[in-house]
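Chemist: Sharing a structure here in C-alpha cells format.
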Amino acid sequence: MVATLSLELEITATPRETLVWAPTPVAAEQLRRALVDDGYLVLDADPVELTGDGLIPDGEHLEFDPARIFNVTTGPDANACLHALTDDGHRLIWHRWQTKRLARKVWGVPVAIPRKSAPRPGSTESAIHFGGPVRSNRGLGLRLSRDTYATINKRSSSPRWSREDDPELWDAIDWAYEDPEHRFHTDEWCEQQRELALANFDLNMAHFASLDRDEFERALQEVVASNPGMVEVTNLAQWDGVGGLYIMVLDDYCQVYVGATSDWTGIAKRIRQHWTGRKEFDRLIWGDEKTSIISIDSFRALDTTRIFALKTGSSFDGENPLLEQFPAKFTLNRVMGGRDVARFAGIVGISAVMRSRDSSEIS
C-alpha cells in the first residue's frame, strides 16, 4: 500500500466477517482502493451480520455508514488485509459496539482494547438535549456546518441497476461514473457536485436570513393551536414507542420539519434518526441547485431547538395536511407527506411530490 497519514481504524468482527471502520468516507475510499489495487480481498459492508450477532445497540442502526466501512472477510484474507493496514502505520482498535470477543488480536493482528470512557474516533462533542445524551458522529459536530456539509464520497447511493433496465439513461450518465457497474462517481463529477451543493447551501442560508422571525413564530403557534392534542416535547424519552405526528423546530433558521411515524418506530427514535443520519453526498441536490431544499438529515441535533408532537394512530394520513398548514418558505420537507408518497411518485412522476424553494426567494 502507498503510505498515507496514519489513522485509527475501528474494528468489528463476527465469525463470518471483519469490518474496518475509517473515520471518514474519504479515508475509507482511499484505504479500500489501495487494498484492492494491491490484490487484497475487500467487500462491501452490510449490517446484517452485526444485527444477527446482536452487536448493534437499539436505535443505533444509522451509525452503520457503508461509505466509511469495508469488509475484509475472515481467515487468511483478513489476516493479510489487516497486516497491510498496520504495516502502513494505521492502528486498529475495537469499535464500541464490539462487546463480544474482545481479544488482543483478530485473525492474528493486534487490536487495541479502548479504555473505558475514552473518546471515539471522529466523535468529539456531546451534550444533553431534550432530556437525553447526543453526540457528534463521524466528525460532523452537533450543529450544521458548511465545512463538513459537502464532504466528497465517490460511492453511489443509488440502488443497483444495469444497462438493460434503461439503456438510454445508462449511457447518458455513464460519464459520471468511473467503473462499469456505476457504483463509483468520477472525480470530475464529485467536484462538480460539491461546487453545486455548496452554492445551494449558501442560497439556503441567504433565504433563512431573510425570513421574519416574528412571522415564523406566529405561523408556528397558529399550527400548534389548530391541532388539538399537540404538545411541546421537553423529554424525548417519553415519546419512545409512541406513534404520531411531530414538528422539529429549527429556530436559528426559521424552519420546521414535519414528520410522521408509527408506534413501531416511535417519535423519539425517528427524531434521533434525523439527528444521527447524514444525507448522501450524491443526494445533497434535490432537483435543481437553485431551488433545492437542504435535507433535515443534514442538520445536527442541536439545530433542533423545539419539538412538538401529537399522538395519533393515523399519523401518515395527517402528515401532509399538517405540512400544508405552514407557509412553504418555513419548511424543510423535500417531498409531500404521507405513507404512499413513493408509490404515488412512481405513478405520476417525482415532480408531482417534490417540494422546492421558490427561486425568487433565495436568489
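Chemist: I'd like the residue in the range 294-311 that is within 16 Å of the chain's Cα centre (by Cα) and small (Gly, Ala, Ser) and, out of all such residues, is nearest to residue 356 (Cα to Cα).
Modeler: Restricting to residues being within 16 Å of the chain's Cα centre (by Cα) and small (Gly, Ala, Ser), the top hit is 295.
Chemist: Continuing with the same structure: Name the one entry in 357, 343 that is more than 15 Å from residue 248 (Cα to Cα), modelled with pLDDT under 80 and in the same structural domain as residue 223 (by TED's automatic domain parsing).
Modeler: Just one listed residue meets the conditions, 343.
Chemist: Here is a list: 96, 101. Which entry is in contact with a Pro (Cβ under 8 Å, 6 or more places away or on another chain), in a loop (DSSP other than H, G, I, E, B) and of a type in the set (D, E, K, R)?
Modeler: Sole residue among the options that is in contact with a Pro (Cβ under 8 Å, 6 or more places away or on another chain), in a loop (DSSP other than H, G, I, E, B) and of a type in the set (D, E, K, R): 96.
Conditions (1) surrounded by 15 or more Cβ atoms within 10 Å (Cβ to Cβ); (2) modelled with pLDDT of 90 or more; (3) over 20 Å from the mean Cα position of the chain (by Cα), marked per residue:
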position	(1), (2), (3)
10	yes, yes, no
13	yes, yes, yes
18	yes, yes, yes
26	yes, no, no
32	yes, yes, yes
44	no, yes, no
48	no, no, no
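Chemist: Let me ask another. Check 68, 33 and return the single one that is in contact (Cβ under 8 Å) with a residue 60 or more places away in the chain and of a type outside the set (S, T, N, Q).
Modeler: 68
Chemist: Output the number of residues of the range 220-244 satisfying the condition of being surrounded by fewer than 19 Cβ atoms within 10 Å (Cβ to Cβ) and at positive phi.
Modeler: Total meeting the criteria: 2.
Chemist: Within the range 65-77, can one find any residue that is assigned to a helix (DSSP H, G or I), buried (at least 18 other Cβ atoms within 10 Å of the Cβ) and of a type outside the set (Phe, Trp, Tyr)?
Modeler: yes
Chemist: Under 8 Å between Cβ atoms, at least 6 apart or on separate chains: pull out the pairs that start in the range 178-204 with a residue that is farther than 11 Å from residue 284 by Cβ and end on any residue that is assigned to a helix (DSSP H, G or I) and among the polar types (S, T, N, Q).
Modeler: Pairs found: 185/193.
The values are calculated or read from the model by the stated rules, or taken from the named source; none is laboratory data. The model shown is predicted, which means the values in this text are computed figures rather than measured ones. We place every Cβ from the backbone using ideal geometry, glycine too, and count neighbours over all the protein chains shown.
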